[in-house]
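Bear in mind that the values in this text are calculations on the coordinates, not laboratory data. Given the structure is predicted, the values throughout are model-derived calculations rather than measurements. Here the Cβ positions follow ideal geometry from the backbone for every residue, glycine too, while neighbour counts run over all protein chains shown.
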Amino acid sequence: MKKYQIGLTDKKIIKDQSLLRHEEIKNRIQILPELEAFIPPLLPEEFAQLEANIQREGCREALLIWETTEGIARETNSPEPAYILIDGHNRYSICKTHHIDYKIHLVQFSDKEAVYAFMIENQLGRRNLTPEQASYLRGLRYRTERLERGKYDRLSHKGQNDLYENSGGEKHKGHSDPYAENDHKGQNVPYEKTSTSERLAERFNVSEKTIKRDAEFSRGVDKLSPELRKEVLSGKVKVSKSDIQQLASLEVENLSSAEAISQALRKVPEKASGSVEESAEEIKNQLRKKLTQLTKVEVPSDELLNAIIKLARQLKTLR
């Protein structure tokens, strides 16, 4: 359990860890592909070594299972219990293949976004990550934080002391930011003074530009098929990072080979073939010009307004 102590609190750990209940739950463990995607693949030699160790010594580390409902896990209305594997996918596969017993540890999270955050942080703590895997995970962390902060900001605009109705009809105050840091008293304090990229740059000891490039890289990786994604992140298939970043702004998906990536990039207009930063700066300059035009007219034309909207959307894809 030492591996999980940093990321888990007493509120998340389920107290009922009885052996009999665990044996029942083992037969109901599920794997969600969108969560499994957060687990960087092992290289063949690494998997072989892990397999040999487990066959020789048994599975010494418990698998981490998120106890929730089908409704929360799969975004349905089902209240049926669900047991989702969130750490130990390789160990689970090996144990199932060789019929080796294993232990499980049950935890609780409020929603899938909280699970995302935990899994990303947990994987970033690994020492054997490839540079591609580390970049991908930092990018995912940035994107999930931006998503959650967006929700937090939208609720904050309603007023800090507003009352909101939850699904049960009860009222509660405010909104808790799942990515708030802890102050010295252990209380959650929303981020206010620094941007997400600045905080993560300090957290992972990289530059702010690196964090933003990581976000583009992770978006590009998500355009790949699951098989190619594993090969790129493990370093088995070599594709330049800039090429992957360019995929982020393209309307493509499920690319299954390096050749498919090359074909997609050949369709990119020549002026967009530069770096992400250069493309964003060019769009910003065009947007500034259009906004200047907007301030000089009393009744803006539809053409001008549509141009501003289009540029803003393009800039958002490069964010």
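Out of the trypsin sites (Lys or Arg not before Pro) in region 197-306, which ones are loop residues according to DSSP with at most 16 other C-beta atoms within 10 Å?
236, 238, 267, 296
Amide H neighbours of residue 82 under 5 Å, at least 5 residues apart or on other chains, H built in the peptide plane: list them.
Amide H to amide H, under 5 Å and 5 or more residues apart or across chains, residue 82 pairs with 68, 69, 70.
In terms of modelled amide H atoms, which long-range or inter-chain residues lie less than 5 Å from the amide H of residue 255?
224, 225
Which order results if 84, 65 are arranged by neighbouring Cβ count within 10 Å, fewest first?
Arranged by neighbour count, lowest to highest, 84, 65 become 84, 65.
By the gyration tensor of its Cα atoms, with a ≥ b ≥ c the square roots of the eigenvalues, what is the shape of region 18-140: rounded for a/c under 1.5, prolate for a/b over b/c, or oblate?
oblate
For region 131-140, what does the Karplus curve 6.51 cos²θ - 1.76 cosθ + 1.60, with θ = phi - 60°, yield as ³J(HN,Hα) per residue in whole Hz, taken in order and with x for Gly and Pro?
With coefficients 6.51, -1.76 and 1.60, one gets x, 5, 5, 4, 4, 4, 5, 4, x, 4 Hz.
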